[in-house]
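The structure appears below as structure tokens.
The values are calculated or read from the model by the stated rules, or taken from the named source; none is laboratory data. Nothing here was measured: the structure is a model prediction, and the numbers come from that model. Cβ atoms come from the backbone with ideal geometry, glycine included; neighbour counts cover every protein chain shown.
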Amino acid sequence: MGLIAKPFGWLMKGCYMLVKNYGLALLIFTFITRIITLPLYIKQQKNTTRMNMLQPEIEKLKKKYGKNQEKLNEEMMKVYTKANYNPMSSCLPMFVPIILLYALIPVVYGPLTYITDANDANISGDSAFLQNAYVISSEVDTDKNDIETLLSGTAADKRAEELERLLTDEEKYPNSAKALDKLTDEEKQRLLNSFADYEGLDKFIMNEDNFTRNMMQTRYGPEVLLFNFHSKADGKYLGVLSQDVQSAISDFDYTMLGLELGKIPSKNDATKYIPYASFIIQIISMVISQLFAKKNNPAMKMSMAMLLPLFFLPLFSLWIGFKFPCALGIYWIYSSAFALVQTVFLNLIYTPARVQRLVEKDMKKEKEKRKKKGPSLMERALEVRNEQANAVAENSGGKKRVYADDDDDDDELDESRLTKAQLKELNRQRLNEARKRYAEKYGDEYKEE
């Protein structure tokens, strides 16, 4: 995903350099990525239409061969081959946007890494610093205490040393002791000195409006929350971060209409409308999508079992929208709004009638190509299978069974006249003959087995 994310990171950086505001850059970035994936959705719509065109014929086959699954599969394959349609072709347009979404996650949630010129090692180091600081702050807070109380009466030059002695007590502070044990001496001293030198740092970190456990447990959460060291408390604690990260954060406009995107939405202020807006737009998009689907395919039946999963993502976004910074909700609003526009565009411009004409045109082109290039890989596979089946039938004294052209489904093979050894040898010879004829017909290399 990192390899795919890099070019998107360059794109995101270009968007930011254009407008110098992360909220607007995110809007432009979402629009461009939607344009990039639009051809995939058009292809998916065409594949769906092609499948709908074949559906009446498939339904007839199901009625005719419903009790013979093997024969049904053979006949369906013949229909797909004749139409030059690959049932798996609809899967790629569905999976590519999902893959791209996962590639976009680090870009959207890693603005310091992908947009600023801050050193990647320093960004990672500061993110790890914040996670460890949160572990210590939360454990001290669970003990109904705070760092200043623990260090009460300790001389200024002994505060870090005393704090290390207290936090390495595995019985009282097991999580803190474990976290400190994993750090290098330099990292440990940096963390302890930060608590010793910056009064109230632990209380600042434990403020739910600034930092949450959910964000600390995610891969990209700590990086996003580093902006809060500057935006909250007038940058009082910004000094705990690396120098180039401080500069990058100070020069970076991580806002949208004056709203700090690193803030966790709260039901007590205007930020609560971000998760609600994301939820509503996704619901509208889903409903409109289903209305178009029903209009384009009246025979389609939607049960509650099929509808319930569609409501899961909007509900999930509503819940998680109050657990993560506003940047996440803003991105989902943008993405859902563009998805809604895209759904309407595809269904108004690429109507079933127009898509059917395009599909028929594509099928005509594909048919002409097949005439020039010869049978497709699927057709060749069916022919080889047909040859092999005929060879086995001849060897065993039974009737030929044709897979590609014969519609009879009552042929049976009589294998009772030959011994196993004789049948095996004759099968080998006949199969080799079939492969040889196939190779000669298509100019392939033949090797006898």
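Can you run down the residue pairs with Cβ atoms below 9 Å, 6 or more apart or on separate chains, where the first is in the stretch 302-322 and under 23 Å from Ile264 (Cβ atoms) and β-branched (Val, Ile, Thr) and the partner is surrounded by 12 or more Cβ atoms within 10 Å (Cβ to Cβ) and at pLDDT below 85?
Listed by first residue and then by second, the contacts come to Ile320/Asn214; Ile320/Leu328.
Given the criteria surrounded by 19 or more Cβ atoms within 10 Å (Cβ to Cβ), over 29 Å from the mean Cα position of the chain (by Cα) and on the phi < 0 side of the Ramachandran plot, does Val245 qualify?
Considered against the rule, which asks whether it is surrounded by 19 or more Cβ atoms within 10 Å (Cβ to Cβ), over 29 Å from the mean Cα position of the chain (by Cα) and on the phi < 0 side of the Ramachandran plot, Val245 comes out as yes.
For the stretch 65-81, enumerate the residues that are in contact with a Leu (Cβ under 8 Å, 6 or more places away or on another chain) and in a helix (DSSP H, G or I).
Tyr65, Leu72, Glu75, Met76, Met77, Lys78, Val79, Tyr80, Thr81
Hey, could you check the stretch 5-23 for residues that are among the aliphatic types (A, V, I, L, M) and surrounded by 15 or more Cβ atoms within 10 Å (Cβ to Cβ) and say which is nearest to Arg219 (Cα to Cα)?
The selected residue is Ala5.
Based on what the data block shows, is Tyr80 modelled with pLDDT under 80, closer than 27 Å to Phe211 by Cβ and aromatic (Phe, Trp, Tyr)?
No: the conditions fail for Tyr80.
Pick out, from the stretch 189-298, the helices (runs of 4 or more DSSP H) lying fully within it that include 2 or more residues that are modelled with pLDDT under 85.
213-216, 273-296
For the condition within 22 Å of Gln246 (Cβ to Cβ) and of a type in the set (Ser, Thr, Tyr), what is the one hit in Tyr134, Tyr173?
Checking each option against the conditions leaves just Tyr134.
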